[in-house]
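*Asks:* Please read through the structure below; I'll follow up with questions.
The values are calculated or read from the model by the stated rules, or taken from the named source; none is laboratory data. The structure displayed is predicted, hence computed values, not measured ones. Neighbour counts are summed over all protein chains in view; Cβ atoms, including those assigned to glycine, are modelled from backbone coordinates with ideal geometry.
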Amino acid sequence: MPTFLELTHISKRFGGVQALADVDLTLESGEVHCLVGENGSGKSTLIKIISGVQPPEAGGKIIIESREYSHLNPVESTRAGIQVIYQDLSLFPNLTVAENIGVGQHLGGFHSVDWNAIRATAKRAMERIGVNLDLDVKVEDLSIANRQLVAICRAMAADAKLVIMDEPTASLTRHEVDALLALVRELKKKGICIVFVSHRLDEVLEVAERVTVLRDGKKVGTYDAKEMNDHKLAVLMTGKEFHYDLAGIDLSARKTVLSTRHLSRKGDYKDISFDLREGEILGITGLLGSGRTELALSLFGMNPPDGGEIHLNGKRLALTSNREAIDNGIAYVSEDRLTLGLVLEQSIASNTIVTILDKLKGFMGLIPQAARQSTVDRWVKDLSIKVSNTNNPVKTLSGGNQQRVVLAKWMATAPRVLILDSPTVGVDISAKDGIYEIVRGLAAKGVAVILISDEIPEVLYHSHRILIMRNGRITGEFEAHKSSEDVLRVAVNA
Amino acid sequence: MPENFARFRRSHEFWLLSVILILVVGLSVMTEGFLTLQNLFDLLTSYAFLGILASGLLVVLISGGIDISFTATASIAQYITMLLANKYGLNWFIVFAMASVVGIGLGAINAVLIDRLNISSIIVSIATLNIFYGLLVFITGGKYIYSLPPWFSHGIYWFEYVDADEISYGINLQILALAVMFTLTWLILNRTNIGRQIYVLGGNREAAQRLGFNVFRLNILVYCYMGLTAGVASLIQAQLAQSVAPTVLVGKELDVLAAVVLGGASLAGGVGTVFGTILGLTLLAVMQNGLILLGVSSYYSQFFVGLVILLSVSATALSARRKRKGVMTE
Ligand SMILES: Nc1ncnc2c1ncn2[C@@H]1O[C@H](COP(=O)(O)OP(=O)(O)OP(=O)(O)O)[C@@H](O)[C@H]1O
Ligand SMILES: [Mg+2]
């Protein structure tokens, strides 16, 4: 296959962080090339250099179809046929589907808008990949999966020869992921090169021909996907070995911390009853829309139920706000870390201590600097958050490290009940492992944990007991150590 | 077509239009003077100033910025232009060109400060409002200009028509300028790529940058356009008032902002239409005028305007929340 793009000696530094160090990479037309590595290993940075958003340091070379550049700008990169679908999709929520797809036609000097041409472009792009969305709907009214399709259509409209997808599957359900992977194969058939970044190694191996592994900004190597498996990749990415599984322990003698009886909320979930014991990790899984997140929000006081009861340590609880939930020792790590969990413009330190300001308050309600710093440092260390300065805004962290800040923030409240909603979406495996480790540690100390996840292995290997939810109801209950992935998969999809 | 209508029925514009219709019907029944040709003509003439500024501010809000210094800009443009017009005679074309150039120049100052120093637009424009206004009052000593060139005082009338009570109607300078500026703004926003770039910028600034849109150039265009509308508005206001007073315009910024926000523009950027702004302005005008005709004190009128803005913004926020929830449970 012909080489489409070649990178040589690419390095990039941000302040004290060496995001990329002397990386080489070749991409061929018509191949699916996966980029894997832990959080902060430099994947997104590499993409930004290819798309011209950031220049590499001197000495680096970018060769596209035998034309050489020392750096690119976004317009050159687009003209060369490179299209990036960013983690955040980079869409315009205020504009229609058609205009988002045809937005490239607005570039350049003053000219009039040809709305028919924009619609035609959008239609053609959708036909090329076989999707069918209403052209006149605003993107803000679309689901995440459909927004992603819009982003892919935009790449198609620009006649892309290289489409780079940065963690495209992080917020999709399994069903949507399958559709996306099918689409990736379709693009490949058209001779388009696809670079695919993901932390779900099973996906990577399913779709890739070649895999490039980055570790700490350095390239470990490029491998044939056929010769790889999850385990080998994980070792290459981290240099470590991993062991999963949580032994079954007898929890029946433990005190019940949280219980619900016939909890219901119209349109969200119905008749939910379960007990959660001290030190127990209770997994909840089910398809998107099964009411998992709505239930979790109710337990956290944010989505009041309209029937049934919640008991905490034997006392009936009627939560009307998350403040009350926090005061009662309930913590919630959100599914959508970007919109619910963090204030992206604020510093890492402020984000970490925001939940415990009251506890840190000293003289006249001021926060003593020393106490603040020591708390922050402790969590940064305990969760191995990769950061050069805790006073930098959270948005300068890589996606996975942002997730760890969310965790730090809630763990700092010393909760008795910790609800984790898809805590490892977008987190690399060694960080995942770190998070599981922390969760187990908390459980061993008596914290009761609810672990909500799409990923069946995640709940299977890291919970004691698993509840399956479907259409707002609990449809099954399993002991983790007596169950298997297949059994759970059948139960979820039944 | 029915689909488009369904979409329209759910829109902010539809809501506004309904409220305006109810008010108009109510006021026509309750007062003598509301639904008269003369009152409508007066309303159009006297709200032209706010309307022209609203069209400029709309563009700024869509881009994701804000400007409140435009009343000071207008005061300066008005003062300089009329001073020179008195001295050198001049003509319509030159005075409008001059006021526009002054407005554009001051707008460019805002744009450069906002873009290059990366300070938020609200802070920059609060500062420039005070600087521009302070300088003007200091240099002029707050002195009015009472005598304007005769051709200017006389104004422009097209299609003049005098009714039985000897009151004349027609397309005057104010109405003409208002129509021209609304049309121009609509054309820019909907028919040129630059207008669409402004929506793109307001919708997602970072994505716009990544796709290679020139953010600095857009900022310059947006704030200069605001300045241009301030220049034009200042002259039709001077013509209507038959004098130039350096101190009367500053303070009207919030009325303009009220009209644009009522019209559905969002301070977060990316959202807003000329049609909505026209409706917002109409609602403001009908409310203020109606309350006067009903004999309600003008302090109450402010109270009601505030209340309506609050209601309108809450309605928008609520429907947005419902929509988000819809997506979540999809
Ligand atoms: N604008 C920036 N300023 C400072 N540091 C940055 C910036 N962008 C990236 N970094 C740092 O560079 C390193 C590489 O980040 P990058 O986003 O490329 O990681 P990644 O491999 O995409 O990680 P993830 O899987 O978490 O998305 C990280 O340590 C990150 O904190
Ligand atoms: Mg990344």
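*Asks:* Being polar (S, T, N, Q), part of a strand (DSSP E or B) and more than 9 Å from ligand 1 (Cβ to nearest atom) is the filter here; which residues of the stretch A:1-59 pass it?
*Replies:* Scanning the stretch A:1-59 gives A:Thr3, A:Thr8, A:Ser11, A:Thr26.
*Asks:* Is there a residue being buried (at least 17 other Cβ atoms within 10 Å of the Cβ) and either touching a His at 6+ places or on another chain (Cβ under 9 Å) or not β-branched (Val, Ile, Thr) (or both) anywhere in the stretch A:363-376?
*Replies:* Yes, that holds for at least one residue.
*Asks:* Within the bounds of the stretch B:29-45, is there any residue that is touching an Asp or Glu at 6+ places or on another chain (Cβ under 9 Å), in a helix (DSSP H, G or I) and closer than 30 Å to B:Ile119 by Cβ?
*Replies:* Checked the stretch B:29-45: no residue is touching an Asp or Glu at 6+ places or on another chain (Cβ under 9 Å), in a helix (DSSP H, G or I) and closer than 30 Å to B:Ile119 by Cβ.
Okay, residues lined up against (1) on the phi < 0 side of the Ramachandran plot; (2) surrounded by fewer than 18 Cβ atoms within 10 Å (Cβ to Cβ); (3) not in a loop (DSSP other than H, G, I, E, B):
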position: B:Asp255; (1), (2), (3): yes, no, yes
position: B:Gly270; (1), (2), (3): no, no, no
position: B:Val286; (1), (2), (3): yes, no, yes
position: B:Gln302; (1), (2), (3): yes, yes, yes
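*Asks:* Let me ask another. Checking B:Val274 against (1) at pLDDT 95 or above; (2) surrounded by fewer than 24 Cβ atoms within 10 Å (Cβ to Cβ); (3) within 13 Å of chain A (Cβ to nearest Cβ): exactly one of these is not met. Which one?
*Replies:* The single condition B:Val274 does not satisfy is (3).
*Asks:* Spot the failing condition for B:Val137; the list is (1) in a loop (DSSP other than H, G, I, E, B); (2) away from every other protein chain (no Cβ under 14 Å), and only one is missed.
*Replies:* B:Val137 satisfies all of (1) in a loop (DSSP other than H, G, I, E, B); (2) away from every other protein chain (no Cβ under 14 Å) except (1).
*Asks:* Within the stretch B:188-196, is there a residue that is in a helix (DSSP H, G or I) and away from every other protein chain (no Cβ under 14 Å)?
*Replies:* Filtering the stretch B:188-196 down to residues in a helix (DSSP H, G or I) leaves B:188-191, B:193-196.
Next cut, away from every other protein chain (no Cβ under 14 Å) only: none.
Taking every residue of the stretch B:188-196 in turn, none turns out to be in a helix (DSSP H, G or I) and away from every other protein chain (no Cβ under 14 Å).
*Asks:* Within the stretch A:158-165, is there a residue that is within 20 Å of the chain's Cα centre (by Cα), within 16 Å of ligand 2 (Cβ to nearest atom) and either more than 30 Å from A:Glu76 (Cβ to Cβ) or assigned to a loop (DSSP other than H, G, I, E, B) (or both)?
*Replies:* Taking every residue of the stretch A:158-165 in turn, none turns out to be within 20 Å of the chain's Cα centre (by Cα), within 16 Å of ligand 2 (Cβ to nearest atom) and either more than 30 Å from A:Glu76 (Cβ to Cβ) or assigned to a loop (DSSP other than H, G, I, E, B) (or both).
*Asks:* Would you kindly identify the strands (runs of 3 or more DSSP E) lying entirely within the stretch A:184-283 that contain at least 2 residues that are over 30 Å from A:Arg316 (Cα atoms) and either out of contact with any helix residue (DSSP H, G or I) (no Cβ under 8 Å at 6 or more places or on another chain) or within 16 Å of ligand 2 (Cβ to nearest atom) (or both)?
*Replies:* Hits in the stretch A:184-283: A:193-197, A:210-215, A:218-224.
*Asks:* Give me the pairs, please: first residue somewhere in the stretch A:42-70 and touching a residue at least 24 places away in the same chain (Cβ under 8 Å) and more than 14 Å from every other protein chain (Cβ to nearest Cβ), second residue anywhere and β-branched (Val, Ile, Thr) and buried (at least 17 other Cβ atoms within 10 Å of the Cβ), beta-carbon distance under 6 Å, and either six or more positions apart or on two chains.
*Replies:* A:Lys43/A:Val197; A:Pro56/A:Ile10; A:Pro56/A:Ile49; A:Gly60/A:Ile10
*Asks:* Identify all residues within the stretch A:52-88 that are within 24 Å of the chain's Cα centre (by Cα), of a type outside the set (Phe, Trp, Tyr) and surrounded by fewer than 22 Cβ atoms within 10 Å (Cβ to Cβ); write none if there are none.
*Replies:* Matches in the stretch A:52-88: A:Val53, A:Gln54, A:Gln87, A:Asp88.
*Asks:* Within the stretch B:197-239, restricting attention to residues that are touching a Pro at 6+ places or on another chain (Cβ under 7 Å) and in a helix (DSSP H, G or I), which residue is modelled with the lowest pLDDT?
*Replies:* B:Arg210
*Asks:* How many residues are farther than 12 Å from A:Thr352 by Cα and touching a Leu at 6+ places or on another chain (Cβ under 6 Å) if we restrict to the stretch A:384-411?
*Replies:* Count: 1.
*Asks:* Please go through the stretch A:400-420 and give me each residue that is charged (D, E, K, R) and within 17 Å of A:Lys381 (Cα to Cα), ordered by number.
*Replies:* A:Arg404, A:Lys409 - these are the residues of the stretch A:400-420 that are charged (D, E, K, R) and within 17 Å of A:Lys381 (Cα to Cα).
*Asks:* Do you know which residues across the stretch A:95-117 are over 19 Å from A:Val75 (Cα atoms) and surrounded by 15 or more Cβ atoms within 10 Å (Cβ to Cβ)?
*Replies:* Within the stretch A:95-117, A:Leu95, A:Thr96, A:Val97, A:Ala98, A:Val113, A:Trp115 qualify.
*Asks:* Going by the structure shown, is B:Ala6 within 25 Å of B:Gln242 (Cα to Cα) and either free of Cβ contacts under 8 Å to residues at least 60 places away in the same chain or assigned to a helix (DSSP H, G or I) (or both)?
*Replies:* On the way: within 25 Å of B:Gln242 (Cα to Cα): no; either free of Cβ contacts under 8 Å to residues at least 60 places away in the same chain or assigned to a helix (DSSP H, G or I) (or both): yes.
In short, no.
*Asks:* Still on this model: Kindly state which strands (runs of 3 or more DSSP E) lie completely within the stretch A:288-335 and contain at least 2 residues that are surrounded by fewer than 17 Cβ atoms within 10 Å (Cβ to Cβ), among the aromatic types (Phe, Trp, Tyr) and within 28 Å of the chain's Cα centre (by Cα).
*Replies:* Correct list: empty, since no element meets the threshold.
*Asks:* Return only the number of the condition from (1) within 14 Å of chain B (Cβ to nearest Cβ); (2) among the aliphatic types (A, V, I, L, M); (3) without any contact (Cβ under 8 Å) to a residue 24 or more places away in the chain that A:Ala296 does not satisfy.
*Replies:* A:Ala296 satisfies all of (1) within 14 Å of chain B (Cβ to nearest Cβ); (2) among the aliphatic types (A, V, I, L, M); (3) without any contact (Cβ under 8 Å) to a residue 24 or more places away in the chain except (3).
*Asks:* Here's a follow-up. What do you reckon, is A:Lys445 within 16 Å of ligand 2 (Cβ to nearest atom) and either over 29 Å from A:Leu287 (Cβ atoms) or within 14 Å of chain B (Cβ to nearest Cβ) (or both)?
*Replies:* When the stated conditions are applied, A:Lys445 does not pass them.
*Asks:* Mind listing whichever residues of the stretch A:375-405 are away from ligand 2 (no atom under 16 Å from the Cβ) and at pLDDT below 80?
*Replies:* Those that are away from ligand 2 (no atom under 16 Å from the Cβ) and at pLDDT below 80: A:Asp382, A:Leu383, A:Ser384, A:Ser388.
*Asks:* Could you pull out the residue among B:Tyr223, B:Tyr199 that is surrounded by 24 or more Cβ atoms within 10 Å (Cβ to Cβ), within 14 Å of chain A (Cβ to nearest Cβ) and of a type in the set (Ser, Thr, Tyr)?
*Replies:* Numbers: B:Tyr223 fails: within 14 Å of chain A (Cβ to nearest Cβ).
From the options B:Tyr223, B:Tyr199, the qualifying one is B:Tyr199.
*Asks:* Can you tell me which residue in the stretch A:408-427 is farthest from A:Arg440 (Cα to Cα), limited to those that are more than 14 Å from the chain's Cα centre (by Cα) and not in a loop (DSSP other than H, G, I, E, B)?
*Replies:* A:Lys409
*Asks:* In this structure, is B:Gly251 surrounded by 21 or more Cβ atoms within 10 Å (Cβ to Cβ) and either at pLDDT 95 or above or assigned to a loop (DSSP other than H, G, I, E, B) (or both)?
*Replies:* no
*Asks:* Here's a follow-up. Report yes if A:Val380 is within 27 Å of A:Gly37 (Cβ to Cβ), within 16 Å of ligand 1 (Cβ to nearest atom) and not polar (S, T, N, Q), otherwise no.
*Replies:* In short, yes.
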